[in-house]
Amino acid sequence: MTGIVLKLVIIAAVFAIIGFGVRRIWRDWTGALKREDQTRHQRDVKERARPDVITLERQDDGTFRPPGR
């Protein structure tokens, strides 16, 4: 009986270690991706503020044109 309990404890410990490892990898990756998205967003906002950038609007026929046409 003790052998079965010991095997269950070892299996539970292995799964717990794997679970914590996967959780840490997941948090590291999502954190890195969020930082990258934030950096990309800041770059896009700064680029849109340039005077040579034109904002296009979708017209009724589905074509993107400058506003006012």
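The values are calculated or read from the model by the stated rules, or taken from the named source; none is laboratory data. Quantities reported herein were computed from a predicted structural model and do not represent experimental measurements. Note: areas computed on protein heavy atoms with side chains; ligands, DNA, RNA excluded. Shrake-Rupley method; radii C 1.70, N 1.55, O 1.52, S 1.80 Å.
Descriptive notes on the structure:
- Projected-area mean, the chain, by convex hull of Cα positions, square nanometres: 8.8
- Surface share of carbon and sulfur [accessible, 1.4 angstrom probe, percent] for the chain: 63
- Degrees between helix 2-48 axis and first principal axis of the chain (Cα, 0 to 90, nearest 10): 10
- With protein chains left intact and a 1.4 Å probe, residues in the chain average 99 Å² of accessible area per residue.
- Per-residue ellipticity at 222 nm from helix content only, as computed over the chain with -39500 (n - 2.57) for each DSSP H run of at least four residues, stands at -25500 deg cm²/dmol.
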